[in-house]
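Peer 1: The structure that follows is given in the form of structure tokens.
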Amino acid sequence: MNYRHTFHAGNFADVVKHVILTRILAYLMRKQAAFRVIDTHAGLGLYDLFGDQAERTGEWQDGIGRLIHVKLPGVAEDLFAPYRDAVLAQNPDGALRYYPGSPFITRHMLRSQDRLMGFELHPMDADRLKENFAGDFQTRITALDAWKIFGTHLPPKEKRGLVLIDPPFEEKGEFDRMVKSLVQGHQRWPGGIYAYWYPIKEPDEVGRFLKALKATGIPKILRIEMTIRAPSTPPRLHGTGMIVVNPPFVLEEEMRVLLPVLAELLAEEGRGKWSVDWVAGE
């Protein structure tokens, strides 16, 4: 599948992915020590929901469009608030027009001591991303094939932080590249947090990915998934998943609070399902 961000910005998969991102960042902020976020497939950083590509699919209307002004029940509202705040920061009048990708969401939450490194392979997207962060000394944007950074840019000097891996799935072999990159990165930085996003479109392919992760022998691998409809023939995107290695100890419970609410609000006709489990424990 082709998951170029411009077509799918703000859809249900982005919502779940970016909520998880904000919960990891909130955990890292519990300590005063600086941390670094490495965003491997950073995209444009900011997306016009009324632009040609986003309007062509309109997926955001059934994603962030359903949630931006909805108060979630109980504790879920507190957990969801940092994500909503990051989106509204790009829409100060309250009318939803722009959707922040992971670099903008991350930058919104960074403290003065924290840093962001963004990588983007597409030349035009990388140029736009550099323009978006021009003059920001806390952020460094590099036009580079992100699969190469696991052997060169880890660990960061802060020795705390997150590597966010969100490939566009434009080419075959992305699942294999994710496993290979984790093995390489974990060897250099075993204490880092790694978050891998993946589409749920063909369950067998996801199953092979999970088996390959388990076969690495790397511990502390949490799987988070949500589907909004049943699988179909021919296959179409029906769910979203995130693998988090070395997850914050609170993340599992936070997802058990948030995912039922998000599944109910985002799924088609009450068909939402969710799961949180461990591919590998301690």
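The values are calculated or read from the model by the stated rules, or taken from the named source; none is laboratory data. Since this is a predicted model, take the numbers as computed values, not measurements. Cβ coordinates were reconstructed from backbone atoms using ideal geometry, including for glycine residues, and neighbour counts include every protein chain displayed. Ligands, DNA and RNA are stripped out before the accessible areas are found, and what is left, the full protein with its side chains, is counted by its heavy atoms. Shrake-Rupley method; radii C 1.70, N 1.55, O 1.52, S 1.80 Å.
Peer 1: So, with a 1.4 angstrom probe, what is the percent of accessible area on the range 93-144 that is carbon and sulfur? Present the calculation step by step, with values, prior to reporting the outcome.
Peer 2: Values: 1390 of 2550 Å².
The C+S portion of the solvent-accessible surface of the range 93-144 is 54 percent.
Peer 1: Taking the Cβ of ALA146 as the centre, find all other residues whose Cβ is under 14 Å away and add up their charges (Lys, Arg: +1; Asp, Glu: -1). It would help to have the intermediate numbers written out before the result.
Peer 2: Working: positive: ARG140, LYS148, ARG177, LYS180; negative: ASP39, GLU120, ASP125, ASP145, ASP166, GLU170, GLU171, GLU174.
Within the 14 Å Cβ shell, the charges total -4.
Peer 1: Within the chain, how many lysine pairs that are 8 or more places apart, or on different chains, have C-alpha atoms less than 16 Å apart?
Peer 2: 10
Peer 1: When the Karplus curve 6.51 cos²θ - 1.76 cosθ + 1.60 is applied with θ = phi - 60°, which whole-Hz ³J(HN,Hα) does each residue of the range 144-150 get, with x for Gly and Pro?
Peer 2: 3J(HN,Hα) across the range 144-150, in whole Hz: 7, 5, 5, 5, 8, 7, 5.
Peer 1: Would you mind estimating how fast the range 157-282 diffuses translationally, via Stokes-Einstein at 20 °C and 1.002 mPa s with the Kirkwood radius over Cα pairs, in µm²/s? Please report the intermediate quantities before stating the final value.
Peer 2: Details: Rh = 15.3 Å.
My calculation gives 140 µm²/s for D.
Peer 1: Can you tell which of ARG111, ARG30, ARG188 shows the greatest fluctuation in a Gaussian network model of the chain with Cα springs below 10 Å?
Peer 2: Fluctuation is largest for ARG30.
Peer 1: Taking θ as phi - 60°, what are the ³J(HN,Hα) couplings along the range 161-168 by the Karplus curve (6.51, -1.76, 1.60), each to the nearest whole Hz, with x for Gly and Pro?
Peer 2: Along the range 161-168, the couplings run x, 9, 10, 9, 10, 9, x, x Hz.
Peer 1: Rounded to the nearest whole Å², what accessible area per residue is found for the chain with the 1.4 Å probe?
Peer 2: Accessible surface, normalised per residue, equals 44 Å².
Peer 1: To the nearest 20 Debye, how big is the dipole of the range 19-167 about its Cα centre, given +1 on the beta carbon of each Lys and Arg and -1 on that of each Asp and Glu?
Peer 2: On the way: 19 positive and 19 negative charges, 171 e Å.
Charge dipole of the range 19-167: 820 debye, to the nearest 20.
Peer 1: Near ASP114, within a Cβ-to-Cβ distance under 10 Å, what is the net charge of the other residues, with Lys and Arg +1 and Asp and Glu -1?
Peer 2: Numbers: positive: ARG36, ARG107, ARG111, ARG115, ARG160; negative: GLU158.
Charge balance in the 10 Å sphere: +4.
Peer 1: Moving to a separate point now. Charges at C-beta only: +1 for Lys and Arg, -1 for Asp and Glu. How large is the resulting dipole of the range 166-271 about its Cα centre, in Debye rounded to 20?
Peer 2: Working: 14 positive and 15 negative charges, 88 e Å.
About 420 debye.
Peer 1: Considering only DSSP beta bridges where both residues belong to the chain, give the percentage that are antiparallel (nearest 5). Intermediate results must be reported in sequence, preceding the final value.
Peer 2: Working: 24 of 40 bridges.
Antiparallel bridges: around 60 percent, rounded to the nearest 5.
Peer 1: Here's a follow-up. Output the antiparallel fraction of DSSP beta bridges having both residues in the range 94-244, as a percent to the nearest 5.
Peer 2: Antiparallel bridges make up about 60 percent of those DSSP assigns within the range 94-244.
Peer 1: Now, a different point. So for the range 47-130, considering every pair of alpha-carbon atoms, how many percent are separated by more than 16 Å?
Peer 2: On the way: 2155 of 3486 pairs.
I get 62 percent for the Cα pairs in the range 47-130 exceeding 16 Å.
Peer 1: Quickly rank 17-29, 126-138 as a protection proxy: mean count of other C-beta atoms within 10 Å, highest first. All intermediate terms of the calculation are to be shown ahead of the outcome.
Peer 2: Working: 17-29: 21.8, 126-138: 14.6.
Highest mean packing first, the order is 17-29, 126-138.
Peer 1: Go through ILE224, HIS122, LEU96 and say which Cα lies farthest out towards the positive end of the charge dipole of the chain; charges sit on Cβ, +1 for Lys and Arg, -1 for Asp and Glu.
Peer 2: ILE224
Peer 1: Hey, can you grab everything whose amide H is under 5 Å from the amide H of LEU46? Only 5+ residues off in sequence or another chain; H modelled, so Pro and N-termini drop out.
Peer 2: Amide H neighbours of LEU46: GLY101.
Peer 1: Beyond 28 Å, how much of the Cα-Cα pair distribution for the chain remains, as a whole percent? Present the calculation step by step, with values, prior to reporting the outcome.
Peer 2: On the way: 12034 of 39621 pairs.
In whole percent, the share of Cα-Cα pairs in the chain beyond 28 Å is 30.
Peer 1: Follow-up. Taking H as built 1.01 Å from N, whose amide H comes closer than 5 Å to the amide H of ILE200, not counting residues under 5 places away?
Peer 2: HIS238, GLY239, THR240, GLY241
Peer 1: Magnitude of the Cβ-charge dipole of the chain, K/R +1 and D/E -1, about the Cα centre, nearest 20 debye?
Peer 2: Values: 36 positive and 36 negative charges, 194 e Å.
Magnitude of the dipole: close to 920 debye.
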